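A quick write-up on the structure given underneath.
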Amino acid sequence: MNVANQLYQLQAVDLAIESSEQAVSQIASQLGESKAVVEAQAKLTLGHQRLEELRHQQDSAEWEIDDLVAKLAIAEDKLYSGEIRNPKELTNLQHEVDGMRAKRNQLEDKALAIMEQVELATASVASESSELKTLEVEWRSQQQQLSTEMEQLKTTLSEFNHKRQLQLAKIDPQAVEVYNELKKQKRTAVAKVEQGICRGCRISLPTTELQRARSDSLVRCSSCGRILFLA
Ligand SMILES: [Zn+2]
């Protein structure tokens, strides 16, 4: 194998390493916390807080009603007991009872409205909770898949790196130096020559250059400077 071919093989491995490394960092960025799950958790926490607040309001409203109903019962007993004979006192008591009844109706309406809100909030918490569970299941399975892919990529990468070491050991160090320098400048240091054309810059190569490239020596494209490799 001539030196251009060796460097071309090295380049193939380098490009494979580069793309594996890109895949690794892409997966690494996807591993970890999920924004959707975190948002769904926050939403559910708020839903629970709202429900708790509403239940508290419901309890207060019910206690208020119980309290008023007890007081009303005492007032009604007194009103209908026949014990009060003074007309003014009776009228006053009647007004008091009427007022308490109106207040009770008002409180019952309020309690009913709160109850409806509690039902809505309960349904909403249940749906948010199931949504969160779905997201968590999806996220966990995605994370597992990504971890598996990551493991495979790391194995592949270490195989490529090993292969690279073996290749490097066989190549003339001076040629490797030229290769590394070109790689820094152009990313691809070696250009394949096909039908007399440099694939690096797509320029037709002079015949003399092609002949030199066929030999063992390292020949660079007169146009783009890449190492020429004739397959
Ligand atoms: Zn070229």
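The values are calculated or read from the model by the stated rules, or taken from the named source; none is laboratory data. What you see is a predicted model, and the numbers here were worked out from it, not measured in a lab. Cβ coordinates were reconstructed from backbone atoms using ideal geometry, including for glycine residues, and neighbour counts include every protein chain displayed. Note: areas computed on protein heavy atoms with side chains; ligands, DNA, RNA excluded. Shrake-Rupley method; radii C 1.70, N 1.55, O 1.52, S 1.80 Å.
Among the lysines, select those whose C-alpha is under 27 Å from the C-alpha of LYS78, and discard any that sit fewer than 8 residues away in the same chain.
LYS88, LYS103
Suppose we flag GluC sites (Glu not before Pro) only when DSSP calls them loop and at most 14 other Cβ atoms lie within 10 Å. Which is the longest uninterrupted stretch of the chain?
Numbers: sites that count: GLU33, GLU83.
Longest site-free region, per DSSP loop and neighbour criteria: 84-231.
Can you give the FRET efficiency to the nearest 0.05 for ASP109 and SER130, using r as the Cβ-Cβ distance and R₀ = 35 Å? Please list the in-between numbers first.
Details: r = 33 Å, r/R0 = 0.93.
Efficiency computed from Cβ-Cβ geometry: 0.60.
Looking at this model, which pairs from LYS154/LYS192; LYS35/LYS183; LYS154/LYS184; LYS163/LYS192 are more than 32 angstrom apart at the alpha-carbon?
Details: LYS154/LYS192 29 Å; LYS35/LYS183 39 Å; LYS154/LYS184 24 Å; LYS163/LYS192 21 Å.
Beyond 32 Å between Cα atoms: LYS35/LYS183.
Distance between the C-alpha centers of the range 78-99 and the range 187-231? Whole Å please.
115
With only alpha-carbon atoms counted, please give the Rg and Dmax of the range 21-78, in Å.
In Å, with Rg to one decimal and Dmax whole: 26.0, 89.
How much FRET efficiency would the formula 1/(1 + (r/R0)^6) give for GLN22 and GLN143, where r is the Cβ-Cβ distance and R0 is 25 Å, rounded to 0.05?
Details: r = 20 Å, r/R0 = 0.80.
After rounding to 0.05, the efficiency reads 0.80.
Taking the inverse of the average 1/r across all pairs of different Cα atoms in the range 9-122, what Kirkwood radius in Å do you get? List each step's numbers first, then the result.
Values: mean 1/r = 0.0497 Å⁻¹.
It works out to 20.1 Å.
Beyond 16 Å, what percent of the Cα pairs of the range 174-231 remain? Please report the intermediate quantities before stating the final value.
Details: 554 of 1653 pairs.
I get 34 percent for the Cα pairs in the range 174-231 exceeding 16 Å.
Per residue, how large is the accessible surface of the range 60-212? Use a 1.4 angstrom probe and give square angstrom.
Numbers: 10610 Å² over 153 residues.
For the range 60-212, the solvent-accessible area averages 69 Å² per residue.
When the gyration tensor of the chain is built from Cα positions, what are the square roots of 5 times its three eigenvalues, in whole Å, from largest to smallest?
Working: eigenvalues 1685, 53, 22 Å².
Calculated on Cα positions only, the semi-axes equal 92, 16, 11 Å.
Reachable aspartates and glutamates from LYS133, Cα under 19 Å, same-chain residues fewer than 8 places away excluded?
GLU33, GLU39
At what distance in nm do the modelled label points of GLU89 and LEU46 sit from each other, each positioned 7 Å from its Cα along Cα→Cβ?
Here the modelled spin labels are 5.9 nm apart.
For ARG187 and ALA169, compute 0.36 nm times the residue count separating them, minus their Cα-Cα distance, and round to one decimal in nm.
4.3 nm is the gain from fully extending ARG187 to ALA169.
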